[in-house]
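Asker: Structure incoming, see below.
The values are calculated or read from the model by the stated rules, or taken from the named source; none is laboratory data. Just so it is clear, the model here is predicted, and its values are computed rather than measured. Using ideal geometry, Cβ is built from the backbone for each residue, glycine included, and neighbour counts are taken over all protein chains shown. To get the accessible areas, we keep the full protein, side chains included, count just its heavy atoms, and leave off ligands, DNA and RNA. Shrake-Rupley method; radii C 1.70, N 1.55, O 1.52, S 1.80 Å.
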Amino acid sequence: MNLRVESQKQTVMKRFLLMAVVVFIGFGSQRVLRAQTSSAPGEKRATQPKKRGGIFTLYLLDPLARTMCFSDGKEGFAFVDNDWRNRCSDLSYILASNGSLVSGIEVNRVAAIVDLGTPDELRQHYGFEEATGGGTGFASLHLNGDKIMILKQDLSKPEYQRLQEGPKLFTEAAPSATAPIKLGHIYLVRIADKKDTSFQQLVKLMVIAYRPEQSVTLRWELL
């Protein structure tokens, strides 16, 4: 009799310990899951810097992608509450002059657009060696202090020179600045704000595809 009681006690104790282990594992798993869930978004944000360039197509007849935003490289317009609203329009495609790029179109914004010509024209003007496909001159355009620089020569250590057209971006800004679209041409765009003197955007563009009265595709990058 005593042996049977003792055996029952051991059985109950084993079941209790088993249940305790299961509960502990479940609780620990939930804590790990919550920790992973809470840390993942932060880790994701840390690995996603602000977009600085890419390829974007402006569509003349599209209600959203007729303009683009340089802050995130996406459509300038958005559908909100069954309405069509401006989100962030830094650059647009219009039919003026048989197809033009226009900037400085938002309230208080002023802009300047400079057409630098084709990669081959840049090479001839500034004397550097251009790579096949015209990527060297475009890639070398950068901001150094308050000056826009371009490649001078690329030997063991690249040397740069001041872009002669650069000052136009700072002296010729006006509302709704335009420039005719030309396939293969490289452009510089500067956007400022009449009320916020701290605001400035400098962008380089290359027209890589163009369908008149339909769309224009740009390679773009913030300086």
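Asker: So G137 ticks every box in (1) in contact with a Gly (Cβ under 7 Å, 6 or more places away or on another chain); (2) free of Cβ contacts under 8 Å to residues at least 60 places away in the same chain; (3) among the small types (G, A, S) but one. Which box is left unticked?
Answerer: Of (1) in contact with a Gly (Cβ under 7 Å, 6 or more places away or on another chain); (2) free of Cβ contacts under 8 Å to residues at least 60 places away in the same chain; (3) among the small types (G, A, S), only one is false for G137: (1).
Asker: Residues that are of a type outside the set (V, I, T) and open to solvent by 40 Å² or more (accessible area, probe 1.4 Å): which strands (runs of 3 or more DSSP E) entirely in the range 157-223 hold 2 or more of them?
Answerer: The qualifying strands (runs of 3 or more DSSP E) are 159-162, 200-211, 215-222.
Asker: May I ask you to say which residue of I186, I148, I208 is more than 14 Å from V110 (Cα to Cα), of a type in the set (A, V, I, L, M) and touching a Gly at 6+ places or on another chain (Cβ under 6 Å)?
Answerer: I148
Asker: Which of the residues belonging to the range 144-156 are open to solvent by 60 Å² or more (accessible area, probe 1.4 Å) and touching a strand residue (DSSP E or B) at 6+ places or on another chain (Cβ under 9 Å)?
Answerer: Passing the criteria: N144, K147, K152, Q153.
Asker: Related question: Report yes if A65 is closer than 19 Å to W220 by Cα, modelled with pLDDT under 95, of a type outside the set (D, E) and out of contact with any Ser or Thr (no Cβ under 6 Å at 6 or more places or on another chain), otherwise no.
Answerer: No.
Asker: State the number of residues belonging to the range 81-99 that are hydrophobic (A, V, I, L, M, F, W, C) and assigned to a strand (DSSP E or B).
Answerer: Count: 3.
Asker: Just checking, which of A65, A96, A111 is open to solvent by less than 40 Å² (accessible area, probe 1.4 Å) and either touching a residue at least 40 places away in the same chain (Cβ under 8 Å) or under 27 Å from S198 (Cβ atoms) (or both)?
Answerer: A111 is the lone residue from the list that is open to solvent by less than 40 Å² (accessible area, probe 1.4 Å) and either touching a residue at least 40 places away in the same chain (Cβ under 8 Å) or under 27 Å from S198 (Cβ atoms) (or both).
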